[in-house]
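These notes concern the structure reproduced below.
The values are calculated or read from the model by the stated rules, or taken from the named source; none is laboratory data. What you see is a predicted model; the values in this text were computed from it and never measured. Every residue, glycine as well, gets a Cβ built from its backbone with ideal geometry; the counts of neighbours run over all protein chains shown. The protein model used for the area step is the full one, side chains on, heavy atoms only, and it has no ligands, DNA or RNA in it. Shrake-Rupley method; radii C 1.70, N 1.55, O 1.52, S 1.80 Å.
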Amino acid sequence: MPLYEYELRRGSCSACGGRFTLRRPVNAPELTRCPACKKPVRKVISTFNTPNLTKPLSVTDAKKAGFTVLKRVNKGEYERQ
């Protein structure tokens, strides 16, 4: 489930602090009121996290990380490298 950030349209609130984050299913209807103070809210565009794709792992890197590296010899046959 993705995280969504919301903020109050006007004013502030001691219950929610004026801004809050919720985990909601993608198919859930958009939230229009704060669950704590019931004031109108709007969704805030926020940053998102993506995997850091620098370079593919080499066989040496995989072995250092503790993975077993296999090489295909024949159809259905593999051996350790």
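Before moving on, here are some points about what is shown:
- Across region 5-17, the number of residues qualifying as at pLDDT 85 or above and open to solvent by less than 60 Å² (accessible area, probe 1.4 Å) comes to 4.
- Applying the criterion of being more than 15 Å from L3 (Cβ to Cβ) and among the basic types (K, R) to the residues of region 18-46, the residue that is surrounded by the most Cβ atoms within 10 Å (Cβ to Cβ) is K39.
- Residue in region 60-76 that is acidic (D, E) and either at pLDDT below 80 or surrounded by fewer than 10 Cβ atoms within 10 Å (Cβ to Cβ) (or both) present: no
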